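Scroll down for the structure; my scribbles are underneath it.
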Amino acid sequence: MLLAAGVAQGDDGILLTHTKGPVEALLPSGPLILAGSGVEWVARLPFALAGVGLLLGVVVLARELFSTSSQRPASEPYSPLAPHPSSFILHPSSLVAVALLATDGFALGFSRIVQYQSVVLLMSAGAFWACWRFYAGAERPMRHLVSAAALLAVGLLAHYDAAMVAPTLAWLVVAGGRRRGWGWREWLLGLGAPALAGGLLLASFYLPYVTSASFAATAEYLAGRAGEGDAGGPPFNNLPLYFNIMSFYNAPPLVPILALALAGSLLLLPLAPGAIPLALWFGVPFLAESFLIAEPRTHFYSAHPAAALIIGLGAAWLVGRVKRGQPSLQILLYAGGVLWLAASLGYAQLLYLRQIPEYQRAFPAARPSWLRAGYGDRLPEAGYFGFPHTDGWKAAAELYRAGVITGSYDTNQNRWLAGWYMRQMPRCAERPDYYLIATSEATRYFPPGYSLLGEVTVGPARALAIYSRAPVAGPPLLFAAEDLAAAFDARPAQPFPAAAILADVPRAECPLP
């Protein structure tokens with residue numbers, strides 16, 4: 001959002017200071033430019049829609065992969081799993097794949113925030129679909145190849161993770177061209193326009209990016225994440241980390257079941273016409289994040305759409321076997337599916353909808369006593385995205401605007417979060433006029449020599465304590481965040497030094513200690 005604010009203020013160069021592509025900043029910059037609005041739901045909407053679009057895309061992909069089609073060449077082997085296309089929305093492969101992604105903790109968390117992941121997943125799925133159509137013999141192949149190149153380029157403009165699907169796309173294009181009997185002239189004409197379209201899109205940002213002064217720091221950061229330096233180089237073993245992160249973002253008892261379902265479904269994958277590209281789509285990011293990258297954190301997410309489709313394939317095979325004369329097993333199978341959905345959605349509610357207490361920041365105190373995982377009471381060292389953070393910063397900003405508090409401040413939260421809400425207010429590390437202490441943060445302190453002026457409440461919880469350097473007369477005041485948040489949302493985002501907040505440039509207004 002700080003990057004988006006910089007773009008809205010005319011500072012296009014601020015995008016070159018980012019360590020990734022510009023899409024996650026460009027999407028929310030539109031409402032800031034057009035309406036001056038930084039309301040959360042407006043900024044988050046494109047990323048939520050991308051997450052929903054992925055679910056719809058999975059249905060289309062499952063139909064393309066596992067059903068017969070009049071456009072598929074006669075040489076394409078018939079799949080024993082293939083349903084009639086008209087019934088495909090209710091087919092087990094589609095239902096299971098969509099249910100897995102709709103309840104996947106990674107996909108849910110990433111669809112709630114202003115960040116790139118849901119865009120990467122949607123663009124990757126769209127590029128895969130376009131290349132599969134080319135491979136399957138669809139008419140107007142140039143349209144599909146140009147579409148795939150453009151979708152992949154947009155994905156790469158969101159984040160480098162989109163490159164994980166590129167080997168799969170390359171396999172589909174090469175295999176599709178060979179099946180069409182292309183000679184060198186067809187290859188030249190067929191790949192020229194897609195390469196030009198994708199290349200121009202990528203060059204529009206990455207050419208100035210790699211030639212900018214800030215790229216050296218980005219390259220150093222990426223090299224460290226990949227394993228250069230103290231990590232010692234690949235191979236690494238990130239499987240325990242992946243299992244633990246999965247067991248936090250998803251209901252812990254379900255993760256081993258998902259792992260077994262994926263392993264069993266991989267054995268059935270050769271039965272599907274899309275065996276090789278589907279295996280590549282899953283295998284490339286899974287193997288890279290597991291063994292080649294030193295700090296993958298949550299980047300395993302890029303393998304999840306393919307994993308959901310593979311498990312959907314296994315579910316279709318299992319349902320087909322059970323339907324052949326075993327009605328009691330059908331009932332058991334469907335009951336198991338209902339229980340699995342209930343457990344997944346119940347845990348997702350605990351993670352993402354329950355705001356008091358906040359599950360991730362209050363862990364392990366907020367965890368039900370019966371819910372245990374292998375990581376115990378200490379969360380895995382990884383990124384945590386999409387979880388509720390309600391600290392009352394809008395109320396603090398409105399208190400400044402109303403003159404209830406004036407002067408410099410410091411806080412126990414990071415400069416980007418505080419900077420978005422406080423904006424022009426000077427933040428000082430030495431002897432500020434006020435300390436704004438978020439009570440949900442692990443790092444809390446009572447500043448010596450300061451008095452408690454008041455607290456911001458979020459519902460029944462006291463979320464933000466305001467300490468004043470000046471003596472306070474009388475009892476602490478209480479400010480309800482709900483009473484002040486609407487006023488913050490209603491006022492346009494006035495120009496403020498977004499670049500200085502991102503770079504942590506000291507403010508001239510800060511008084512000397």
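What net charge is computed for the residues neighbouring SER93, neighbours being all others with C-beta under 15 Å from the C-beta of SER93, Lys and Arg scored +1, Asp and Glu -1?
Working: positive: ARG63, ARG321, LYS323; negative: GLU64.
Combined, the nearby Lys, Arg, Asp and Glu give +2.
Give the Rg/Rh ratio for the stretch 393-503, taking Rg as the radius of gyration of the Cα atoms and Rh as the Kirkwood radius, to two decimals. Intermediate results must be reported in sequence, preceding the final value.
Numbers: Rg = 13.4 Å, Rh = 14.3 Å.
Rg divided by Rh gives 0.94.
How large is the charge dipole for the chain, taken about the Cα centre, if only the Cβ atoms of Lys, Arg (+1) and Asp, Glu (-1) carry charge, to the nearest 20 debye? Walk me through the numbers on the way to the answer.
Values: 33 positive and 30 negative charges, 277 e Å.
In total the dipole reaches around 1340 debye.
Summing Lys, Arg as +1 and Asp, Glu as -1, what charge do residues with Cβ under 13 Å from the Cβ of GLY386 carry, GLY386 excluded?
Its environment carries a net charge of 0.
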Find which of GLY454, TRP416, PRO476 sits farthest along the positive direction of the dipole of the stretch 393-503, computed with +1 on the beta-carbon of Lys and Arg, -1 on that of Asp and Glu, about the Cα centre. TRP416
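Report the extension gain between TYR221 and LEU196 in nm, rounded to one decimal, defined as 0.36 nm multiplied by the number of residues separating them, less their alpha carbon distance. All intermediate terms of the calculation are to be shown ahead of the outcome.
Working: separation 25, 0.36 × 25 = 9.00 nm, distance 2.97 nm.
6.0 nm is the gain from fully extending TYR221 to LEU196.
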Checked the stretch 39-352 against the a/c 1.5 cut and the a/b vs b/c comparison, axes a ≥ b ≥ c from its Cα gyration tensor; verdict oblate
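We did not get these values from a lab; they are worked out from the coordinates using the rules stated. What you see is a predicted model, and the numbers here were worked out from it, not measured in a lab. Virtual Cβ from ideal backbone geometry, glycine too; neighbours counted across all protein chains shown.
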